[in-house]
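Below is one structure, written out as structure tokens, with a few remarks after it.
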Amino acid sequence: MEIKNVFVVGSGLMGGGIAQVTAFAGYKVKMHDVKEEFTAKGMEAIKDSLGKFLSKEKITQEQHDAALANLTTTTNLEEASDSDLVVEAVFEDLEVKKDVFGKLDKICPEHTILATNTSAIPISSIAAATARRDKVVGTHFFSPVPLMRLCEIIRGLETSEETIETAEAWARSLGKETVLVRKDHAGFIANRLYSPMGMEAVRMLEAGVATPEDIDKAMRFGYNLPMGPLELADMTGLDVSMNAALAIYNDTGDPKFYPPPLLRRMVASGNLGRKTGRGWYDYSSGKQENYWQL
């Protein structure tokens, strides 16, 4: 099956990034969100990102202009009706995703593949909202999408081989390296390995073992990671980290994935990381600054 038209549901950090790399690769892309102010913000982020690549001479002016020409926005989900592939990148909540997939299943033609960018929720749980479970697949990108090369391709219980092959070929056409998750389990590969480290970092902070700065420094210099677990959580969002860990915990019952009380308090108080100005670090000055007094 050939992919020409791609519809992205969600214009935030992940949805916007997926829309950007897809448009850059030459596909016609519609980026959807529930309000025009959201799609406008998403487009501004894409223009800013492409502008940075252009200023650093990593792309040409022609590539910059062509990518923007391939991209339109909409607040009407019905416009997914001419899509070959729909990629969902909404809030990491099973019921929200099932609602979106149930609507898309009725809007899209039979051949359309429905992909989810979920970071941890089992694909089969989302596919259950549709009558095309063979055409539902996980395509888990990593943030920031234009820079991070990995895309996990996740097989649901009933995902067809053709759907897997088409999704993987599409992801590779975007310049991504792919890994195939052959069995549908929460957290897939990357988050199944990384989430316990993130939860343990929070437990160490909660117990007063070390500051966020020193916990992250230990992992960056000790294990050569580009970012420590707490600063990475700030970049992706503490709510995203918590929901991903909860999804794996709910699927496995393994206590190592259960979000510690401190993380739950931070999310409840609205301290979600960079997007709110404070998470494990403070960003109010425009810089990443430690504020914990242990």
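What does the charge add up to near Ala40, with Lys and Arg as +1, Asp and Glu as -1, over the other residues with Cβ less than 11 Å from its Cβ?
The answer is -1.
When a/c reaches 1.5 or more, the comparison of a/b and b/c decides; with that in mind, is the stretch 1-71 rounded, prolate or oblate per its Cα gyration tensor?
oblate
Angle between the Cα long axis of helix 161-173 and the longest principal axis of the chain, 0 to 90 degrees, nearest 10?
The answer is roughly 70 degrees.
Where in the chain lies the longest segment free of trypsin sites (Lys or Arg not before Pro) that are both loop residues by DSSP (not H, G, I, E, B) and have at most 13 other Cβ atoms within 10 Å?
That gives 184-286 as the longest site-free run.
Once you list every other residue whose beta carbon is under 15 Å from the beta carbon of Thr75, what net charge do they have if Lys and Arg are +1 and Asp and Glu are -1?
-1
Going by how many other beta carbons lie within 10 Å of each one, how would you line up Met14, Met197, fewest first?
If I rank by nearby Cβ atoms, fewest first, I get Met197, Met14.
Near Val240, within a Cβ-to-Cβ distance under 13 Å, what is the net charge of the other residues, with Lys and Arg +1 and Asp and Glu -1?
-2
With contacts defined as alpha carbon pairs under 8 Å and 6 or more residues apart, what's the relative contact order of the stretch 190-276 in percent?
Once divided by the residue count of the stretch 190-276, the mean separation gives 33 percent.
In the chain, what % of DSSP beta bridges are antiparallel (nearest 5)?
Roughly 25 percent of the beta bridges in the chain run antiparallel, per DSSP.
Note the direction-averaged projected area, equal to a quarter of the hull surface, for the Cα convex hull of the stretch 190-276, in nm².
Averaging across all directions leaves 5.4 nm² for the Cα convex hull.
Based on other C-beta atoms within 10 Å, arrange His111, His32, His140 from fewest to most.
His111, His140, His32
So how do Ser195, Ser241 line up by other beta-carbon neighbours within 10 Å, fewest first?
Listing Ser195, Ser241 from fewest to most nearby Cβ atoms yields Ser195, Ser241.
Computed from the coordinates by the stated procedures, all read-outs in this text should not be read as laboratory data. Computed from a predicted model, the values in this text were never measured in an experiment. All Cβ positions, glycine included, derive from the backbone under ideal geometry; neighbour counts span all protein chains shown.
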